[in-house]
Ligand SMILES: [Zn+2]
């Protein structure tokens with residue numbers, strides 16, 4: 001179906017804004033501004049008093065962890081994982097994962113996210129089902145903790161996921177392989193994953209240099225810093241999305257540059273788990289692609305990318321003691337265009353002809369949207385995601401005038417609560 005968004009203020013790929021129409025043909029943006037005469041919009045969306053922006057791409061999350069939101073907070077990472085998170089995750093069924101991911105889908109659409117890179121498992125088929133039903137776009141991966149039993153089977157499951165779903169749902173689903181981290185996967189296992197990735201042509205999604213302890217332990221155990229250690233396993237040969245990258249030295253950055261590794265910054269999670277502050281400004285200056293993610297909802301505690309945009313900008317300024325660091329538009333780009341590139345989506349994250357029609361309309365109502373000196377500044381620094389009004393992915397309307405079109409929100413909240421009750425009350 002062809003769609004015409006009329007009279008919206010549009011955030012352009014260069015950071016400028018313009019009052020314009022957007023023509024959508026099938027799943028692609030056909031034109032922004034000058035609409036060809038012959039174009040007939042079968043569906044018209046009124047963009048008056050709305051700001052059109054590319055949908056956010058959540059570059060690193062564990063969608064079904066919404067089920068563990070508010071279950072365990074204010075703990076150290078390993079204590080939190082080993083004693084609270086992993087025991088409950090061990091009990092999760094395919095149905096639980098489905099409702100957890102559905103709850104995430106509701107939250108993501110309502111806060112203006114149109115694509116997400118997910119690392120979780122088992123039962124990633126349940127997350128794929130959510131992607132298909134909700135209409136979202138996703139980069140799925142079966143997370144593998146190889147130190148737990150069944151590492152080979154988990155890798156085989158990840159390979160199966162790739163074979164079954166890479167390019168599925170009209171290309172809305174792509175798949176990566178995901179060894180969880182170097183501290184949960186021994187080097188021989190990373191080599192095995194690297195071999196499989198090469199065989200399939202699959203990219204890698206992995207947690208890297210998240211905490212200082214991880215770096216220190218890596219040096220103690222392997223005599224190398226994390227990036228040098230993982231590089232020696234061959235894992236970086238086929239394209240890599242590296243989540244976190246908080247603790248970096250010059251030699252790590254060299255390896256990141258050499259293999260064109262894309263970094264995903266998770267400021268909310270890094271702050272909450274007291275992991276540290278990633279050197280985002282330095283990475284960007286080095287020409288490294290840095291996207292944004294929320295991480296799982298249990299360490300954030302939401303999936304609201306607009307919050308991450310603002311946190312990234314503010315953190316970058318205080319980290320460098322430079323208020324000019326990470327200006328509003330660049331922070332927004334990190335959540336959209338850069339995140340898209342980080343997760344391997346090339347024609348996503350910009351509102352221009354030829355790109356996928358993944359578009360969010362923000363309703364510019366309320367005092368926080370006045371005065372309107374600079375619309376990009378208003379979105380990055382002043383607005384909140386409650387302004388999300390209409391969301392399109394691949395040209396399909398997922399939310400219109402704040403009403404979800406593909407998901408029954410009430411049912412999802414009910415079923416998610418039911419899952420959690422069973423999981424946590426034994
Ligand atoms: Zn994570």
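Every number in this text was worked out from the coordinates using simple rules, so none of it is lab data. In this text the structure is predicted, and so the values were computed from the model without any measurement. Positions of Cβ are generated from backbone atoms using ideal geometry, with glycine treated the same way; all protein chains shown enter the neighbour counts.
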Could you please state, rounded to a whole Å, how far the C-alpha centre of region 246-270 is from the C-alpha centre of region 173-190?
-> 17
In which sequence would 418, 282, 137 go, from the one with the fewest C-beta neighbours within 10 Å to the one with the most?
-> 418, 282, 137
Run the numbers on region 197-278 and let me know its relative contact order in percent, using alpha-carbon pairs under 8 Å that are six or more apart.
-> 33
Of every Cα-Cα pair in region 67-138, the percentage lying beyond 18 Å is 44
Protection proxy ranking, peptides 70-78, 100-108, average beta carbon neighbours within 10 Å, highest first = 100-108, 70-78
Simple label model, 7 Å out from Cα along Cβ direction - residue 228 to residue 164, nm | 4.2
Using the 10 angstrom Cβ neighbour count as an exposure proxy, how do 166, 207 rank, fewest first?
-> 166, 207
Gap separating the Cα centres of region 325-353 and region 51-120, nearest whole Å | 22
Most fluctuating residue of 114, 406, 174 in a GNM of the chain with Cα springs under 10 Å: which is it?
-> 406
Residues listed by number, region 83-101, amide nitrogen under 20 Å from residue 147 label point at 7 Å toward C-beta = 83-91
Burial ranking of peptide ranges 391-401, 15-25 (average Cβ count within 10 Å, highest at the top) | 391-401, 15-25
Would you please state the base-10 log of I(q)/I(0) at q = 0.12, 0.13, 0.14 1/Å for the chain, with intensities from the Debye formula using one equal scatterer on every alpha carbon?
-> -0.94, -1.11, -1.28
Residues 247, 99, 80 arranged by fewest to most Cβ contacts within 10 Å | 80, 247, 99
Summing -39500 (n - 2.57) over the DSSP H runs of n ≥ 4 in the chain and dividing by its residue number, what mean residue ellipticity at 222 nm do you reach, to the nearest 500 deg cm²/dmol?
-> -10000 deg cm²/dmol
Which shape class, rounded, prolate or oblate, goes with region 329-399 when its Cα gyration tensor gives a ≥ b ≥ c as root eigenvalues, a/c under 1.5 marks rounded, and past that a/b bigger than b/c marks prolate?
-> oblate
Extension length gain for residue 382 and residue 413 (0.36 nm per residue less Cα distance), in nm, is 8.3 nm
Using a basic spin-label model with each label point 7 Å from the Cα along Cα→Cβ, how many nm lie between residue 46 and residue 12?
-> 2.7
